[in-house]
Every structure is written in structure tokens, then in C-alpha cells.
Amino acid sequence: METTLNIEYLTNKNGDVSAVVIPIKLWRQLLPNEEVSADKLAVAVEDYCMNKAMDEAVNTPLLERSEALAYLEE
């Protein structure tokens, strides 16, 4: 279950990325209340990414022991 997000990157006059624009729906999912701090944002993004990884893992087939060891050797 992969969802493509409409995330935009803003750049300065030198072409360096200076900001990120995310859809308001995602912003409200990350931080449902109005109070925002850098720490709260960092934790919310980390939680969101971890939840997405766990959701993806549920749909990923398990490897046999030998397959897992071969994968780790790559």
C-alpha cells in the first residue's frame, strides 16, 4: 500500500532546498492540534514514518532463514 504524496521543495536563488511544502491533510494528520514546536514536529514525522514502515512490513512476505542471511550479506 504505497501512497504518493504531493510534497514540494522550495529552493533559494542558488538552487539550494530551503523549505518543504506538504499537503494540509498530512500536516493535520501529523499534528492535529494547533500547538507546534520543532520537537513535536520531529516526533510526529518519526512516528508517521515508523507507522508507514510497519504498515508496509505487514504486506511484505517473510523470508526463510537462508534468504534472510543472504539478504543481510548483500
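The values are calculated or read from the model by the stated rules, or taken from the named source; none is laboratory data. This structure is a prediction, so every number in the text was calculated from the model and none was measured. Don't worry about glycine lacking a Cβ; one is built from the backbone with ideal geometry, like all the others, and counts go over all protein chains shown.
Being at pLDDT 90 or above and either at negative phi or among the hydroxyl-bearing types (S, T, Y) (or both): is that true of A19 here? Please lay out each step first, then the result.
Details: at pLDDT 90 or above: yes; either at negative phi or among the hydroxyl-bearing types (S, T, Y) (or both): yes.
Considered against the rule, which asks whether it is at pLDDT 90 or above and either at negative phi or among the hydroxyl-bearing types (S, T, Y) (or both), A19 comes out as yes.
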Looking at A68 and the list (1) modelled with pLDDT under 90; (2) within 12 Å of the chain's Cα centre (by Cα), which single condition is not satisfied? (2)
Please determine whether any residue of the stretch 7-21 is in contact with an Asp or Glu (Cβ under 8 Å, 6 or more places away or on another chain) and of a type in the set (A, V, I, L, M, F, W, C). yes
